[in-house]
Amino acid sequence: MNATQAAKEGGTERDPALVVAGVRLLVDPAGALYEPQARALIVADLHLEKGSSFARRGMMLPPYDTAATLARLTVVIARWRPRAVVALGDSFHDGQGPDRLAPDDADRLSALRRGREWIWIAGNHDPEIPAHVGGERLNEMRLGELILRHEPAPHGAHGEIAGHLHPVAVIGGRRRAYVTDGQRVVAPAFGAYAGGLNLHHPAIARLFSGRRVAHVLGKDSVHAVCASKCAAGA
Amino acid sequence: MSRGWSARAHQLQIVASTQAGRSALLIAPTGAGKTLAGFLPSLIDLSERCRANSPGGRLHTLYISPLKALAVDVHRNLEIPVAEMNLPVRIETRTGDTSAQKRQRQRRNPPDMLLTTPEQLALLLASPDAVHLFADLRRVVLDELHALSLSKRGDLLALGLARLRSIAPAHLATGLSATVREPDELRRFISGRGQLADLVTAPPGAPADLSILDTRESLPWAGHSARHALAEIYAAIGAAKMTLVFVNTRAQAEFVFQEIWRLNEDALPIALHHGSLDAGQRRKVEAAMSAGKLRAIVCTSTLDLGIDWGDVDLVVNVGAPKGASRLAQRIGRANHRIDESSRAILVPANRFEVLECVAAVDAARENAQDTPVARTGGLDVLAQHVLGSACAEPFAADALYDEVTSAAPYADLARETFNRTLDFVATGGYALKAYDRFAKIRRAADGLWRVANPRIAQSYRMNVGTIVESDVLKVRLIRARGAKAGTAYTGPLTRGGRVLGEIEEYFLETLSPGDTFLFGGEILSLQGIVENEALVRRANSAAPKIPSYAGGKFPLSTSLAERVRSILATPAHWKHLPEQVRDWLNEQLTRSTLPGRSNLLVETFPRGGKFFMVAYPFEGRLAHQTLGMLLTRRMERAGLKPLGFVANDYAIAVWSLADPGRADLAHLFSRDMLGDDLEEWLQDSALMKRTFRNCAIIAGLIERRSPGREKTGRQVTVSTDLIYDVLRRHQPDHILLEAAYADASSGLLDIARLSAMLDRIEGRIVHRALDRVSPMAVPVMLEIGREPIYGAARDEELKAAAEDLAREANP
């Protein structure tokens, strides 16, 4: 069953699939991909400790973003019970982010890691996550036919799942969205303070040669929409 | 002002007040020599100083204007008497355009008179040499005070004046204002500490020659375009020397300009002026106007205030005036001389607007003004001021609290609220004390608060002010380069084309690449958005979209609303109305009834398989939109299955699957809707988020510009919507949410007015169950489809697009 059939049959639209390079992935409306074969959950751009990163520079953003992001992640992990979690980079907003984690948040993160593999893909915001955070560190990784990395490669990215660009679709409001042409996927940011870039922006649009479909995250469902139906915005 | 002038009575009274050591408020119509009156005490003082040969070199008079252009203009006008009196007085302006070098010099070696804006005053006061600069200040002149006092800029100004009172206790202030309903508020604003400044009132000018266009065409039921009357407006322009055509929104300005040019067979020089056009373009129009090269300008409120740009002999106000004071201000733009009457024509765009115009003309003839909504100083502005105070010099919390509460808008500020504001400035004011080590201001062992490091002060200076622009994108014309219409522009970043102006981002969010829209009098096609620019090319289209702009629409004022209700309730007065309108009202009386002075008429009727409920509160669009949101929630719970609603300034229409006529209307409209329903709705309200964004920026939570980072087009580096969501969930009693809620109540959501209305109509609902739509319901019903339907869940749009794709995939 494809995404659109799922969307039509009200009951199953909760996790419509997205097919990339022949691999079927399930989309969680909270903004995560689940790969059933490997039982892997893939999230992009958590930007933990973004609030405190701004506070260092005098902008006292509410210090609740890490807790909010981890709370959402907890729900998603409880839903899919993955064997592995892959964070696609920019998991922390800056290199010192891990050191600023509040004790409660650090505990929560350890609890999430327990009993499963946890892979931090390196991002431009967090090229080196310190060892005390736990988990494995990779620049990129293969998952069957898929290649997972932070920044989309300019060429030859068959089967690539990447983050970095924070795509959003503007359709009845501004919403996070997965953008795919069946060859590759650009994933939306998961972090509570992570903003977005319109999927029509050249930085995103130029990555795709085929027809783009946006898997748009609604309140508690995902909708596959033709990218041309989404407004320009900024 | 004429050469060889003799002083008028009110000018002498101002001098008398000043010589008696009292501050004063001068209320005078335009053209009464108001500005000169404000400066007269200073000129006398300075000429005496000059005779006594005492040294200058100290700042004597500070003049504050809401517009930098006005400060420049006043400077020019002031040089004339100073030259004639042969006074060795140095007068300078200081605005955002003043060079850094000159600004520095002004601090070291100040002029005798400095003409500036509230933002520049805040900047001067936040510098360590403020005490030195202002120590000998003798006079403050506050121009167009009515335009400032009831806004956040007014809060900032009031706090600045409080600071000046501490630094230079001997100075006296003179406020200049157009006629206002309650001068005591301005008198307290000027004097501070709850004292009333002297009141001087100049005699009113010659009564205006006011008329309502008696159109030969059929009067539209709804809409604001005034399309029917454009030929008649064009004829009026042709018969006058120079006409200002005022409209209420930038969208209307675009439309009216476009359509008048279609009629412009004589190729009269007619220009367009509104706030989104490129500043250079606007300056060109203003210059052409003062050079007498134009016959008409189609403009928005950007030309409401102050400056004489030319010899305007006719003002045309298209659409409803919305408020008596605003209309008076606009009428005053014609014949800026006290003894000649101004000529103005009001052009109602629909039937309801005829009533509103009649009410406004009555108000103008009685010289009646709108009652301003009393204003409490914003906590976001206070936060900015607290940081500014620390940038100037270390302060004691007790002393600053005392000073702040001497400013009229903050007279009732509780100490606890002040303390929370202080805490917010220092570390964000969060229950979770995560940011102590990043504090922006700290209390040292001596008990005084200081900025933590110089970067904080630098950032304060870059972000001072209370005017928050919406996120805008530059509109840049690019060459076509073979791009096909209807395709997104994904090519290289072609730059180099001309910038046409700026457009609000949220309008662009309604466009897809290839869509056409009207801007600056041209039809443009959106090619794509690159960084902070919307790339466009010229296009042809029969139906371009017209940009909608935030905040462009003023709601109907309370006092005009009362007058309209009173006209409706008194058929004896209808003889002044055009026949078409009279017939319309008589028909309404036969088929239903008319809204009374203080009741609420509610009509219900079936139509097209749905049930409609139309109510006529006359409380303005903003309050009606809030009412609609709350009403539909309540109807949902009552099982009435509401589908949507639309609102205009006069009425609201809700439609549903079940008949609301059978429901308990008193319960539906009871004021407890302002409790939980409101709370729940505020969570997702886009208007609330926009309000929060403004507060977050003014309060300094978000920096528009940061030291060491070049200006980017997008002002804000982090989404305030996301911050709002997180803050609301984790600390709903945070001071910024409190500030945003207070703003929303009087601003975009107009909860205060809605609340007053719900009180007024309690036990006074008049219900008519009809078998079909009534004549009076037609205008609001016609809004359906034109205006966004607020009741509809926005996910619907998303689902519809998904179904489109599904159909395409499985034909």
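Compute the Cα gyration tensor for the stretch A:121-199, then decide on rounded, prolate or oblate, letting a ≥ b ≥ c be the square roots of its eigenvalues: rounded whenever a/c is under 1.5, prolate when a/b is larger than b/c in the other cases, and oblate in all that remain. Because a/c hits 1.5 or more and a/b fails to exceed b/c, the stretch A:121-199 counts as oblate.
Our summary gives chain B a relative contact order of 12 percent, counting only alpha carbon pairs under 8 angstrom and 6 or more residues apart.
Averaged over the residues of A:65-75, the number of partner chain Cβ atoms lying within 10 Å of the residue Cβ comes to 2. Rg of the Cα atoms in the protein assembly as shown, relative to 2.2 N^0.38 Å, amounts to 1.00.
Compute the distance from the alpha-carbon center of the stretch B:110-159 to that of the stretch B:736-762, in whole Å. Cα centroid to Cα centroid, the span is 31 Å.
Across peptide A:193-206, the mean count of Cβ atoms from other chains lying within 10 Å of each residue's own Cβ comes to 4. Over chain B, the pair-distance histogram of Cα-Cα distances with 20 Å bins from zero comes to 14, 45, 35, 5, 0 percent, rounded to whole numbers.
Annotation note: GluC sites (Glu not before Pro) in the stretch B:227-302 located in DSSP loop regions with a Cβ neighbour count of at most 13 within 10 Å are B:GLU265. Counting 0.36 nm for each residue step from B:ARG498 to B:SER6 and taking away their Cα separation leaves a gain of 172.1 nm. For the stretch A:3-229, relative contact order (Cα pairs under 8 Å, six or more residues apart, normalised by length) works out to 22 percent.
Would you work out if the stretch B:44-165 is rounded, prolate or oblate? Take a ≥ b ≥ c from the square roots of the eigenvalues of the alpha-carbon gyration tensor; rounded if a/c is under 1.5, else prolate when a/b is larger than b/c, oblate otherwise. Judged from the Cα gyration tensor, the stretch B:44-165 comes out prolate (a/c at least 1.5, a/b above b/c). Take B:VAL131 and B:ASP759, extend 7 Å from each Cα along the Cα→Cβ direction, and tell me the distance between the two endpoints in nm. That separation, rounded to one decimal, is 4.6 nm. By the helix-only formula, in which each DSSP H run with n ≥ 4 contributes -39500 (n - 2.57) and the sum is divided by residues, the protein assembly as shown has a 222 nm mean residue ellipticity of -10500 deg cm²/dmol. Label positions at B:LEU196 and B:ASP721, each projected 7 Å from the Cα along the C-beta direction, are separated by 4.9 nm. The share of Cα pairs per 10 Å bin across the stretch B:260-320, counted from zero up to the longest distance, runs 20, 56, 24, 0 percent. Using only the Cα atoms of the stretch B:209-365, each taken as one equal point scatterer with no solvent, compute I(q) by the Debye sum, divide by I(0), and report log10 of the ratio at q = 0.10, 0.18, 0.20 Å⁻¹. The Cα Debye sum returns log10 ratios of -0.31, -1.08, -1.36. Angle of helix A:103-113 to the longest C-alpha principal axis of chain A, folded into 0 to 90 degrees and rounded to 10: 50°.
The antiparallel fraction among DSSP beta bridges confined to the stretch A:131-234 stands at about 75%.
Residues considered: A:LEU41, A:LEU199, A:LEU138. Largest GNM mean-square fluctuation over chain A, using C-alpha springs under 10 Å, is found at A:LEU138.
Between B:VAL536 and B:ARG476, B:LEU477, B:ILE478, B:GLN527, the built amide H atoms are under 5 Å apart, and every one of these is 5 or more places off in sequence or on another chain. Karplus-based coupling profile of the stretch B:295-300, in residue order and whole Hz: 9, 7, 10, 8, 9, 9, with θ = phi - 60° in 6.51 cos²θ - 1.76 cosθ + 1.60 and x standing for Gly or Pro. Phi angles across the stretch B:621-633 convert, under the Karplus curve 6.51 cos²θ - 1.76 cosθ + 1.60 with θ = phi - 60°, into 3J(HN,Hα) values of 4, 5, 5, 5, 5, 5, 4, x, 4, 6, 5, 5, 4 Hz, Gly and Pro given as x.
Between the Cα long axis of helix A:65-80 and the first principal axis of chain A there is an angle of about 50°, rounded to the nearest 10.
Amide H contacts under 5 Å for B:PHE395: B:TRP449, restricted to partners 5 or more places along the chain or on a different chain, H placed in the peptide plane at 1.01 Å from N. Scan the stretch B:619-652 for trypsin sites (Lys or Arg not before Pro) in coil per DSSP, keeping those whose Cβ has at most 11 other Cβ atoms within 10 Å, and list them by number. Within the stretch B:619-652, no trypsin sites (Lys or Arg not before Pro) qualify (loop, at most 11 other Cβ atoms within 10 Å). Peptide B:515-528 has a mean of 1 when you count, residue by residue, the C-beta atoms of other protein chains within 10 Å of its C-beta. Both chains summed, the buried accessible area for A and B stands near 4400 Å², from protein heavy atoms and a 1.4 Å probe. Looking at the stretch B:179-240, the trypsin sites (Lys or Arg not before Pro) that sit in a DSSP loop and have at most 16 other Cβ atoms within 10 Å of their own Cβ are B:ARG181, B:ARG193, B:ARG216. So if R0 is 51 Å, what FRET efficiency would B:ARG442 and B:HIS667 give, r being the distance between their Cβ atoms, rounded to the nearest 0.05? It comes out at approximately 0.40. Where both bridge residues fall in the protein assembly as shown, DSSP classifies roughly 45% of the beta bridges as antiparallel. When DSSP beta bridges are restricted to pairs lying wholly in chain B, around 40% turn out antiparallel. For the protein assembly as shown, the solvent-accessible area works out to 40 Å² per residue, with a probe of 1.4 Å and every protein chain left in place. Only protein atoms count toward the accessible area here, which uses a 1.4 Å probe; on the stretch A:3-229, the carbon and sulfur part of that area reaches 49 percent.
Put simply, when A:78-87, B:169-178 are sorted by average Cβ atoms within 10 angstrom per residue, most first, you get B:169-178, A:78-87. The label-point distance for A:THR74 and A:ASP181, in a model that sets each label 7 Å from Cα toward Cβ, rounds to 4.1 nm. Shape class of the stretch B:20-105 from the alpha-carbon gyration tensor: oblate, with a/c at 1.5 or above and b/c at least as large as a/b. For chain B, take the longest principal axis of its alpha carbons; what is the angle in degrees between that and the long axis of helix B:751-761, to the nearest 10 within 0 to 90? Compared with the principal axis, the helix lies near 50 degrees. Considering only alpha-carbon pairs that sit under 8 angstrom and 6 or more positions apart, the relative contact order computed for the stretch B:202-329 is 32 percent.
The values are calculated or read from the model by the stated rules, or taken from the named source; none is laboratory data. Note that this is a predicted model, so its numbers are computed, not measured. All Cβ positions, even for glycine, are placed from backbone atoms using ideal geometry, and neighbour counts span all protein chains on display. Note: accessible area is taken over every heavy atom of the protein model, side chains too, but ligands, DNA and RNA are not part of it. Shrake-Rupley method; radii C 1.70, N 1.55, O 1.52, S 1.80 Å.
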